[in-house]
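The values are calculated or read from the model by the stated rules, or taken from the named source; none is laboratory data. In this text, all values refer to a predicted model and were calculated from it rather than measured experimentally. When we count neighbours, we look across all protein chains shown, and the Cβ atoms used for this are built from the backbone with ideal geometry, even at glycine.
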Amino acid sequence: MRQIAEALLSIEAVTLSPNEPYTWSSGLRSPIYCDNRLTLSYPEVRSQIIDALVDAVRPLDADVIAGTATAGIPHATLLADRLGLPLIYVRSGAKKHGKGNQIEGQFDKGARVVVIEDLLSTGKSSMEAARAIQAAGGEVVKIQAIFSYNLPVLAINSLEYELHYSALTTINELIKVAVKKRMITKQEATSLEEWRTNPHGWSEQVSS
């Protein structure tokens, strides 16, 4: 987890700005921003992530790898190729033209599927993708992400959807690395942890 966290920070796939927070599309103010699509442009980091995904997924005895559209597709593709497994991908909703597919690709009913996601925040989009696979007859073994904000709501949603998830690294590990490398102060680390445990409350406080 530490090595992946270091890699994401080194290429600024994850950036920390507790004093000048980012604004998410939802309007939420956040001291952290993650864009794991950047990892695709760095072969060493990309390979490191796929190696870690192989280690995480291989023991699960999966039949199929699924990518979430769109950010999960590239890493899912690389992983499926490395494992020699079929690949599918899942849209957020069914197409409004053609065959109206939400899931692209083929798999047998009862197939064991691992869903690959780049980032877990609330986890709802990933879990809805997993639900679509279940509705099509697949058995979702796990949702495997690269990075997780480790928000309390993620664990709540996991229980509600009855789905397992994990990430190669989390904000908790990232904060430790950032403090050790003196990228943030201990006070800023405390602020990041406060955001993690109560993002809406933190957002309201910094916006007031």
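May I ask you to say which residue of Leu79, Leu120 is more than 20 Å from Arg2 (Cβ to Cβ), modelled with pLDDT of 95 or more and buried (at least 19 other Cβ atoms within 10 Å of the Cβ)? Working first, answer last.
Values: Leu120 fails: more than 20 Å from Arg2 (Cβ to Cβ).
After ruling out the rest, the residue left standing is Leu79.
Take Asp81 and tell me if it is more than 23 Å from Ser25 (Cβ to Cβ), of a type in the set (Asp, Glu) and not in a loop (DSSP other than H, G, I, E, B). When the stated conditions are applied, Asp81 passes them.
Condition first: β-branched (Val, Ile, Thr), in contact (Cβ under 8 Å) with a residue 60 or more places away in the chain and touching a helix residue (DSSP H, G or I) at 6+ places or on another chain (Cβ under 7 Å). Now tell me which residues in the stretch 85-136 satisfy that. Give the steps one after another, and end with the answer.
The initial filter retains those residues of the stretch 85-136 that are β-branched (Val, Ile, Thr), namely 88, 90, 103, 113-116, 122, 133.
If we keep only those that are in contact (Cβ under 8 Å) with a residue 60 or more places away in the chain as well, we get 116, 133.
Hit for the stretch 85-136 is Ile116, nothing else.
Among the residues making up the stretch 65-76, a single one is buried (at least 21 other Cβ atoms within 10 Å of the Cβ), part of a helix (DSSP H, G or I) and among the aliphatic types (A, V, I, L, M): Ala76.
Which of the residues that make up the stretch 178-195 are assigned to a helix (DSSP H, G or I) and either polar (S, T, N, Q) or buried (at least 20 other Cβ atoms within 10 Å of the Cβ) (or both)?
Kept after step one, since they are assigned to a helix (DSSP H, G or I), are these residues of the stretch 178-195: 178-180, 186-195.
The answer is Ala178, Gln187, Thr190, Ser191, Leu192, Trp195.
If the condition is being surrounded by 23 or more Cβ atoms within 10 Å (Cβ to Cβ) and assigned to a loop (DSSP other than H, G, I, E, B), then the stretch 123-148 contributes Gly123, Gly138.
Rundown of residues vs (1) buried (at least 19 other Cβ atoms within 10 Å of the Cβ); (2) touching a residue at least 40 places away in the same chain (Cβ under 8 Å), yes/no style:
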position	(1), (2)
Gln3	no, yes
Ala7	yes, yes
Ser10	no, no
Ser25	no, no
Ile32	yes, yes
Arg37	no, yes
Leu40	no, no
Val45	yes, no
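In the stretch 1-42, the qualifying residues are those that are part of a loop (DSSP other than H, G, I, E, B) and among the charged types (D, E, K, R), and the one that is nearest to Leu120 (Cα to Cα) is Asp35.
Of the residues Val64, Val45, Val140, Val57, which single one is within 17 Å of the chain's Cα centre (by Cα) and over 25 Å from Ile11 (Cα atoms)? Spell out the reasoning first.
On the way: Val64 fails: within 17 Å of the chain's Cα centre (by Cα); Val45 fails: over 25 Å from Ile11 (Cα atoms); Val57 fails: over 25 Å from Ile11 (Cα atoms).
When all the criteria are applied, what remains is Val140.
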